[in-house]
Amino acid sequence: MRRAFNEHIRRRVDYLDGVWSFIDDPNDCGLEAGWNKKMPASAYSVSVPSVWNTESRLLQYEGKAWYSKTFAFEGGNCRICFDAVMTECTVWLDGRELGSHYGGYTAFDFIVKSLSQGVHTLTVCVDNRFGADSIPQKWVDFYHYGGITRSVSVEKLGDAAILGAHLDYKIAADFSAVDATLKLSIINLTDHELTLPFTSALNKRPLTGAMLTLPVGKSEHICSNVLLEGIKLWSPKTPKLYNLYMTLGDDDLTDRVGFRNISVQKGKIYLNGEELELRGVCRHEDHPDFGMAFPGRLMDRDLEIIKNLSCNFIRGSHYPNSKVFLDLLDENGIMFWSEIPVWGVGFAPDTLVRPLVLKRGLDMLGEMKSQYFNHPSIIMWGLHNEIRTDMPQGKEMSRVFCSFMKEDNGNRPLTFATNHPLNDICFEYCDIISINKYYGWYEGDMDVWADFLEKFREYRRSLGMEDKPVIMSEFGCAALYGYHTFDCLKWTEEYQAKLLTHTIELFHKDPMIVGFSIWQYCDIRTAKECGNDRARSYNNKGIVSDTRKPKLAYLAVKKLYEKYAEEESENK
Ligand code: ADA
């Protein structure tokens, strides 16, 4: 997997990023025509990772498309890794089907035993169409791109390999020691039981070591009660990270971990015992030139702009972000909310409980939890966004998702974003209540905010849930970059700056509210189904433009966020 550091010293990894052969398949005839074995003569070269919707001919294309790439392999066992493909795909190696994957924002892989030495062809049929059971549904307010959107790699495996590791831990109440448990996922690729030495180290300090007996195939191994002393904690001010280096026989894996305690008590959120105010933005991975297939430099740029705003928090709306971006957040001490693309407004109530929708949602949550487990920057998991949490169907989805996510999740609180705050019936399924509201834009004017907060305080009290802290997870309005008037009309940069200043000042002084994430960081491309108030087919609520130019609101928010950060340091 592409990371901000090297995952392997011993295991050989070859990235297949670069030029691939590509052809779109609007008539869905590729399989019958044997494109899984040989691409048609009309196929042409494209760069991967990428989305096809930045190519003029395919700007709005929704359908199937085929990708193919040859690569040389030295022979032996291998693992073919896709960091993300939008949305659904089937993969063939030399014409032989390896399998399929659904869900556009998480990684998946295929393990191939005894692949011969020589040149091989990898073929992928990608499908970004919506269906009755798709997540998200067709009506969705971010662009539903298609393509191989993150890196592809081939790893050479020996007899056994470490597939993944979770470092779970509890920090002592006085923060003097950490009680850690290392959970390993291993594969034995031989046809007999193997016993191999396993070692692990944290920044060169030995962690655990053992002879592991590995049954044939995949197995889980747990090394528990590892007591660590003198650990420096991870926090936004001191984002201390440790390299977790593991070896198994000839194989190895490096991950990075950070130790921090996140807890929710009496209506507040604490990080390492200190009360938090989350000051942030909601961010989509979207850029007019790259869609969601971000080059590393653009991630650096976004981070620079977000840090300059004095943010300490990003809501990763509305899907698991690139692991490279999460690595950068770990390094830079920015806290993150990670969620899956159950973008509710598009889901009819009965669709929420369709068995395949629930299964796909659980698979997405499972992949997110497992692949993102070790990131210290992720401080909460999001279950869904704006589903009908005022109806039994929304309650059922919340119940099912919550019971799955509350187990084995790295001690993170759960949340979901509601747009039915005053009649939501699902708050029992979250630790933190998160509210999306747009007074001053879709409903009422900005003066309604104060009244709404009082009503919500009363509703929370009537439910007996005053211990659940509140995040204002979306608020804001559209502003067209460069549009100014003397009288602060809607759609101007002035109005957006005024609305955000008004709301953030209210939220900051309200003891019920522990955080706020502005909708949204940058203007994003959206679907035509989203209607006429999406000028240019864009959601224009960014505080920076689609090409990252600051609007007046950026400067207004920066002023507030800087002031609050300063006050916070002075009070410590
Ligand atoms: C919702 C939704 C966002 C965006 C926003 C808006 O709250 O969660 O994805 O669509 O509304 O701009 O209207």
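The values are calculated or read from the model by the stated rules, or taken from the named source; none is laboratory data. Just so it is clear, the structure is predicted and the values come from calculations on it, not from any experiment. Methodologically, a virtual Cβ is constructed for each residue, glycine included, from the backbone with ideal geometry; neighbour enumeration extends over all protein chains shown. Calculation scope for accessible area: heavy atoms of the full protein, side chains included, ligands and nucleic acids excluded. Shrake-Rupley method; radii C 1.70, N 1.55, O 1.52, S 1.80 Å.
Just a few scattered comments:
- Matching option when the condition is free of Cβ contacts under 8 Å to residues at least 12 places away in the same chain, open to solvent by 10 Å² or more (accessible area, probe 1.4 Å), closer than 17 Å to Lys266 by Cα and of a type in the set (D, E, K, R), among Arg461, Arg457: Arg461
- The set of residues in region 409-425 that are more than 16 Å from the ligand (Cβ to nearest atom), outside any strand (DSSP E or B) and touching a Phe, Trp or Tyr at 6+ places or on another chain (Cβ under 9 Å) comprises Asn409, Gly410, Asn411, Arg412, Pro413, Asn423.
- Considering residues of region 499-535 that are within 14 Å of the ligand (Cβ to nearest atom) and small (Gly, Ala, Ser) only, the residue nearest to the chain's Cα centre (by Cα): Ser517
- Entry remark, region 94-108: residues being over 17 Å from the mean Cα position of the chain (by Cα) and either crowded, with 20+ Cβ neighbours inside 10 Å or not in a strand (DSSP E or B) (or both) number 3 in total.
- Any chance Tyr459 is touching a Lys or Arg at 6+ places or on another chain (Cβ under 6 Å) and either within 16 Å of the ligand (Cβ to nearest atom) or under 30 Å from Ile425 (Cα atoms) (or both): no
- Per this entry, Glu275 is not counted among residues that are modelled with pLDDT of 95 or more and surrounded by 23 or more Cβ atoms within 10 Å (Cβ to Cβ).
- For region 119-168, filtered to residues that are under 30 Å from Leu207 (Cα atoms) and in contact with a helix residue (DSSP H, G or I) (Cβ under 8 Å, 6 or more places away or on another chain), the residue that is most open to solvent (accessible area, probe 1.4 Å) is His166.
- There is no residue in region 558-572 that is within 16 Å of the ligand (Cβ to nearest atom), open to solvent by less than 40 Å² (accessible area, probe 1.4 Å) and under 20 Å from Gln520 (Cβ atoms).
- Failed condition for Gln265, given (1) over 26 Å from Arg150 (Cβ atoms); (2) open to solvent by 30 Å² or more (accessible area, probe 1.4 Å); (3) touching a strand residue (DSSP E or B) at 6+ places or on another chain (Cβ under 6 Å): (3)
- Beta carbons closer than 6 Å, at least 6 apart along the sequence or on distinct chains, pair a first residue in region 514-533 that is free of Cβ contacts under 8 Å to residues at least 60 places away in the same chain and closer than 22 Å to Thr503 by Cα with a second that is open to solvent by less than 20 Å² (accessible area, probe 1.4 Å) and more than 13 Å from the ligand (Cβ to nearest atom) for Asp523/Ser545.
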